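To start, the structure under review is shown below, and the notes come after it.
The values are calculated or read from the model by the stated rules, or taken from the named source; none is laboratory data. Just so we're clear, the structure is a prediction, and the values are computed from it rather than from any experiment. Neighbour counts are summed over all protein chains in view; Cβ atoms, including those assigned to glycine, are modelled from backbone coordinates with ideal geometry. The area values use the complete protein model at the heavy-atom level, side chains included, leaving out ligands, DNA and RNA. Shrake-Rupley method; radii C 1.70, N 1.55, O 1.52, S 1.80 Å.
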Amino acid sequence: MKANDKSSQRAGEISLSVNGISKRFPGVLALDKVSVDVHAGEVHAICGENGAGKSTLMKVIAGNYRADEGDLVFRGVKIDLRSPLQAKELGILLIHQEISLVPELTVAENIFLGSLPYNRMGFVDWQQLYRRTEEVIAKAGFKLSAKDIAGELPVARQQMVEIARAVALQSSLVIFDEPTASLTEAEAKALFDTIRQLKENGVAILYISHKLPEILQISDRVSVLRDGRYQGTLQTDEVDENAITALMIGRHLENPNDRPASHPGDEVLSIDRITVPGFIDQAELSVHAGEILGMYGLVGAGRSELAEVIFGLRDSPDVSMRWHGKPVKISSPSDAVRLGIGLVPEDRKDHGLILDMGGATNMTLPALRAVQHFGFISRDKEVRIFEDYREKLQIAARGPFASVRTLSGGNQQKIVLGKWLSTHPDLLILDEPTRGVDVGAKAEIHRLISELAKAGMAIIVISSEMPEILLLSDRAIVIHNGRVTRELPRAQLSEQTLVEGITST
Amino acid sequence: MMSQVSAHETHMMPFAKVINVAKRNPIWLVLVVLIALFSFQTPYFLTVFNLSNILYQAALIGFLAVGLTPVLINGNVDLSVGAMVALSACLAVSLQHIGFVPALVIAVLACTCLGLLNGIIVEYTGVNSFIVTLAAMLGVRGLAFLYAGDTSLSSPTSDLMELGMMAVGPLSATAIVFVIFVVVFQIMLSRTAHGRNTYAIGGNRAACENAGVHVRRNVIVNFAVSGTMAGIAGVSMAAQLGAATPSYGAEYELWAIIAIVLGGTSLQGGRGTMIGTFGAVLALAALRNGLNLIQVSGFYVLVILGLTLIIALVLDRQFNRE
Amino acid sequence: MLLQIIRKPFHLSYYQLVIAFFGLALIGILFVAPTMLSPDNIKLVLRQGSIPALMAIGVTFVVISGRLDLSIGSLLSLCAILIVDLHDKVGPVIAIGAGLGIGLLVGCVNGFLVAVLRLNPLIATLGMLSLLQGISLIYSDGRNALIMDPENTWFSFIGRSYIAGIPVPIIILIIATIGFSILLRYTTFGRKIYAIGGNEAASRYSGINAKRIVFSCYVISGLMTAVAAVVFSSRVMGAQNNSGSGLELYVLSGVILGGASLFGGSGTILLSVVGVMILEFIQNGLLIVGLPYYTQWILTWIVIIAIVWSDLASKRYREHQ
């Protein structure tokens, strides 16, 4: 189902055609027969919500993943990519969101990493290296010095080094994955100039982002993905944000304003002042019993880090909190657990679970106190807790002590939830609670969160998925550029107001 | 903290260059302080004879440290080099009957092969190099004992001793060879593609794999080179003493690692210089020599070894924090 | 490739494959040296092996928490020298107390270096290995220590006597094995150790104080080494400066032979003890066959690499499923 291509209007020939690509991960169909064409000399944006399949598609094109179905035709030839290296040799380069330079080496050495010019004796030909680097830098129009140490440059410059690699390799297709995530406004502007430069040199560019203003600014065409499916391609100069958003969301959301108003109880946690070094400067927030507070913001805005400060995992030089009205200091997770705070972390596999342990063992970890007699663990109690939550949360697990490694994402997440519910917390912080979870389990988790709030628990939901925030929140705050830019009671919650929060300066 | 010396520094004024090197390698200041300290304590320290003696004593650990530095810059470690010294020394002594040069070549090549084996195991099984070479430390020692038995071997001819005695003026040949190796390895690290890739792999291995650097080859070659240097250390130890026992070289790997870490090479990989390693090897040799001259018992050396290793670790943590 | 062909039909994990290989090797040695199986020899090996096995109990705690302790060899030497030397000077009670005290102290220092300062466990405990060796040399002035009148002290009971025909060291080992197995298996402390070894970050996110737990593991390791030193000195009635030299790796290879993963999170006391005893029997077999003691070292080399590789290979295999 290829869109009505307007390729005839464009000068460049087709650089890459993606034909019916599907990619399946355990439990999730990440890409479902996606087809897109990219032309030489165009900036083609790929846009969609988190989890729409943008990154998976890019990784297929760059050779990191192999597609289960479909094929790629690059410059008229069908290609079968087995590694990023092979893609690179063909002229396809993915520039990752995280910078992948060798911090100890010079700019020149980084640009020519893996292909340093050297003479017959194996000595590096520095003159040639620097000359070629200067050429590349001049061609790209960058303000870089070949002999600077890469690790000492500001992030934006480091990104330029990565892009310079594309120029040096003479890549004909360059993929940018959320390149502005860690850039300031001015730096982003410089990046766009660079991208335009590449484009003028006839390079095809795939640009992944979920920031609509940015896409309108830089791209020629934009293709939209939703839940792994291709939704259509639009000519950027003919559309506005609303048209793209309509394709991105595409479903009828329950209008949050129609839900019955909640009646929040007393203040559970109130933070008068919190600073997260490198992320957030003196924010304030509070959450009440029976209330779901949504926390929206872009990836990298410091939301998870904020949760880590609250939970005692991260130091903060400046924080003042009250718990049920009394001033407290939380300096370790055990303090937080003792007070009655739970944290369902964003990274389930690294922070949420001990994969080789059983469901029961994982669940009782923060509440060992409750299942012990004089330090000895009561297996009966453990099993009872596990069975209790297995039933309440409908967890499909083989048994209380079977390793949770092989469970699906949804069931693993429910075990993490059960783990914190077993501590009977007053406040539960959920960081991206439905990431990597299939649609069915997602709905169940959403229902559970609402029920918990109804039963009087205070809840903070951190999410970069707008629908999730809109669906769950009784109140939402938007974090952007180190500040709380919006605080929205449910009556004012809408996509519009949330987007305003992350675009305002 | 301490970065490698880049090529563009060759354009700087000589004096500025010296200052710069000293700033990047504070261990040289330590060396100066140690020399000053011991010179005040005893008149026997600051003599041409003793200083060339220090260089001579430094050479054995020096060979190991020089060979190990690229391995550490790669982000790996080789703990088995001390045992290789024993094996090489035993081979060099006991094989004298097949000829002087062949014996030395076989002794060194045997260690090259063991280094190669370590490298291959590390790269192809994915087991951490600490574990692989820790096991090899014991295993290679076992090989040395298996080969030599529980006894001391002595050379039937005096060729080996003569090699050890060779000298140019007050400088022994061993010390000169050591200095030559330092220079060669410094050039290798800072000027050749292999050397630059060695830094790159230690700095960001994933980026190198993505960029098509032959990571495995680089790592394995560095292990083999480290083995070779251990072999050379073994041969020169046999030449110094004219004899060999399979218990030679115990704890040498620790001294070498201490020297490298004190010289500013990060245990996490990616940074370090031969100049730093050289300075640290000399400083440690001066320390041992000085303590000996002011008649501190040799038993304290082990205590100082352990303490400096732990202090070096703490410093490494302080300065090379992510 | 060859490995796959052997492995697949029997549904063996890589680890089981390696164990099977060592089982076959042991049986092979038994054929050459059938005297190994005489009750006297078995008793001898078990009594001999109870010393490294006691150390293995402590090391198991450290290994399950995902770390290493290489200082135990020198620590055994130091404690043994101290106990033997003090025995004739101030009597067995204070001597034993001093030995255990040093074990505790060194355990605390190791714990401080690794858990609090977060130094690389391998290099830090390697530094301690050399430090402790130096201290025992200084303490003994390089001389061996001896108990003058081994027949007339109750101290000899610990290492040389029998209760109901069973050597006392074996009884001590059995009691320690049971006690520490219970501690590791049934208490919240033990559970936390497995959790930290399994995933330290996730444990921290669950409110577990990893620092304190890891510290305690090193203390247990130091203490058990001191207990082993008590048994050792009572059995030998003397001590050398290098009594424990090389024992750290020997014990470690026994522990991982028993199935404890060097990456942490798995292992049991009982299997670690069995692992050490298997090595002890192999060593005994080699000696009976007429191979020198250092053959054991080469064997240890192969054991460690084979087992760690098999552990890693099966982990990767699981993750790819």
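Quick notes
- Residue count for segment A:236-273 satisfying the condition of being under 28 Å from A:His446 (Cα atoms) and modelled with pLDDT of 85 or more: 6.
- Candidates C:Gly111, C:Gly127, C:Gly142, C:Gly103, filtered to the one that is touching a helix residue (DSSP H, G or I) at 6+ places or on another chain (Cβ under 8 Å), modelled with pLDDT under 95 and assigned to a helix (DSSP H, G or I): C:Gly127
- Hits in segment B:111-154 (condition: over 19 Å from C:Gln296 (Cα atoms), open to solvent by less than 20 Å² (accessible area, probe 1.4 Å) and more than 7 Å from every other protein chain (Cβ to nearest Cβ)): B:Cys111, B:Gly115, B:Asn118, B:Gly119, B:Val122, B:Glu123, B:Ser129
- All conditions in (1) at pLDDT below 90; (2) farther than 30 Å from A:Val102 by Cα hold for B:Gly269, with the sole exception of (2).
- Scope segment A:111-133; condition facing another protein chain (nearest Cβ under 10 Å) and of a type in the set (D, E, K, R); matching residues: A:Asp125
- Residue check for C:Ile196: within 10 Å of chain A (Cβ to nearest Cβ), outside any helix (DSSP H, G or I) and of a type in the set (A, V, I, L, M, F, W, C): no
- Single unsatisfied condition, C:Thr187 versus (1) away from chain B (no Cβ under 14 Å); (2) without any contact (Cβ under 8 Å) to a residue 60 or more places away in the chain; (3) touching an Asp or Glu at 6+ places or on another chain (Cβ under 9 Å); (4) not small (Gly, Ala, Ser): (3)
- Listed by first and then second residue, the pairs with beta-carbon distance under 7 Å, at least 6 apart or on different chains, first residue in segment C:169-180 and more than 16 Å from C:Val230 (Cβ to Cβ), second open to solvent by 20 Å² or more (accessible area, probe 1.4 Å) and assigned to a helix (DSSP H, G or I), are C:Thr177/C:Leu270.
- Figure legend. Inter-residue proximity from segment A:91-105: first residues touching a residue at least 12 places away in the same chain (Cβ under 8 Å) and more than 7 Å from chain B (Cβ to nearest Cβ), second residues among the small types (Gly, Ala, Ser) and in a loop (DSSP other than H, G, I, E, B), beta-carbon distance below 7 Å, spacing 6+ or different chains. Indicated pairs: A:Gly91/A:Ser171; A:Gly91/A:Ser172; A:Ile92/A:Ala62; A:Ile92/A:Ser171; A:Leu93/A:Ser171; A:Leu94/A:Ala62; A:Gln97/A:Ala181.
- Only residues that are open to solvent by less than 10 Å² (accessible area, probe 1.4 Å) and either over 21 Å from the mean Cα position of the chain (by Cα) or under 29 Å from C:Asp85 (Cβ atoms) (or both) were counted across segment C:188-207, and they come to 4.
- Yes/no for B:Val32 being more than 24 Å from B:Val140 (Cα to Cα), of a type in the set (Val, Ile, Thr) and without any contact (Cβ under 8 Å) to a residue 12 or more places away in the chain: yes
- Filtered residues of segment A:291-350 (kept if over 27 Å from A:Val155 (Cβ atoms), among the charged types (D, E, K, R) and part of a loop (DSSP other than H, G, I, E, B)): A:Glu291, A:Lys329
- Across segment C:124-149, the qualifying residues are those that are farther than 15 Å from B:Ile304 by Cα and open to solvent by less than 30 Å² (accessible area, probe 1.4 Å), and the one among them that is nearest to the other protein chains (Cβ to nearest Cβ) is C:Ser140.
- Restricting A:Glu134, A:Glu109 to those that are charged (D, E, K, R), open to solvent by less than 10 Å² (accessible area, probe 1.4 Å) and closer than 27 Å to A:Leu206 by Cα reduces the list to A:Glu109.
- Total residues in segment B:263-321, condition surrounded by fewer than 19 Cβ atoms within 10 Å (Cβ to Cβ) and small (Gly, Ala, Ser): 2
- Some residue of segment A:186-208 being under 20 Å from A:Ile244 (Cβ atoms) and either at pLDDT below 85 or open to solvent by 40 Å² or more (accessible area, probe 1.4 Å) (or both): yes
- Matching entry among A:Lys454, A:Lys442, A:Lys392 (being open to solvent by 20 Å² or more (accessible area, probe 1.4 Å) and in contact with a Ser or Thr (Cβ under 7 Å, 6 or more places away or on another chain)): A:Lys442
- Residue ID - farthest from the other protein chains (Cβ to nearest Cβ), chosen from residues in segment B:272-320 that are over 17 Å from the mean Cα position of the chain (by Cα), more than 25 Å from C:Ser71 (Cβ to Cβ) and outside any helix (DSSP H, G or I): B:Ile294
- Flag if B:Phe319 is out of contact with any Pro (no Cβ under 8 Å at 6 or more places or on another chain) and within 29 Å of B:Arg141 (Cα to Cα): no
- Scanning segment A:185-218 for residues that are of a type in the set (Ser, Thr, Tyr) and closer than 21 Å to A:Ser464 by Cβ turns up A:Tyr207, A:Ser209.
- In segment C:102-123, residue surrounded by the fewest Cβ atoms within 10 Å (Cβ to Cβ) [restricted to those that are within 12 Å of chain B (Cβ to nearest Cβ) and touching a residue at least 40 places away in the same chain (Cβ under 8 Å)]: C:Val116
- Residue match in segment B:171-194 (condition: open to solvent by less than 30 Å² (accessible area, probe 1.4 Å), facing another protein chain (nearest Cβ under 8 Å), under 17 Å from B:Val71 (Cβ atoms) and in contact (Cβ under 8 Å) with a residue 40 or more places away in the chain): no
- Meets criteria (modelled with pLDDT of 90 or more and out of contact with any Lys or Arg (no Cβ under 7 Å at 6 or more places or on another chain)) for A:Arg120: no
- Of all residues in segment A:362-389, those satisfying the criterion of being crowded, with 23+ Cβ neighbours inside 10 Å and at the interface with another protein chain (Cβ under 7 Å from one of its Cβ atoms) are A:Leu365, A:Pro366.
- Taking every residue in segment B:65-87 that is on the phi > 0 side of the Ramachandran plot and pairing it with any residue that is of a type outside the set (Gly, Ala, Ser) and open to solvent by 10 Å² or more (accessible area, probe 1.4 Å), at least 6 positions away or on another chain, the pairs with Cβ-Cβ distances below 9 Å are B:Gly75/B:Arg205; B:Gly75/B:Leu267; B:Gly75/B:Gln268.
- Filter result for B:Leu34 (within 14 Å of chain A (Cβ to nearest Cβ) and modelled with pLDDT of 70 or more): no
- B:Asn197 meets each of the listed conditions (1) surrounded by 24 or more Cβ atoms within 10 Å (Cβ to Cβ); (2) away from chain A (no Cβ under 11 Å); (3) part of a helix (DSSP H, G or I) apart from (2).
- Elements of type helices (runs of 4 or more DSSP H) contained in segment C:218-321, each with 2 or more residues being surrounded by fewer than 20 Cβ atoms within 10 Å (Cβ to Cβ): C:269-289, C:295-320
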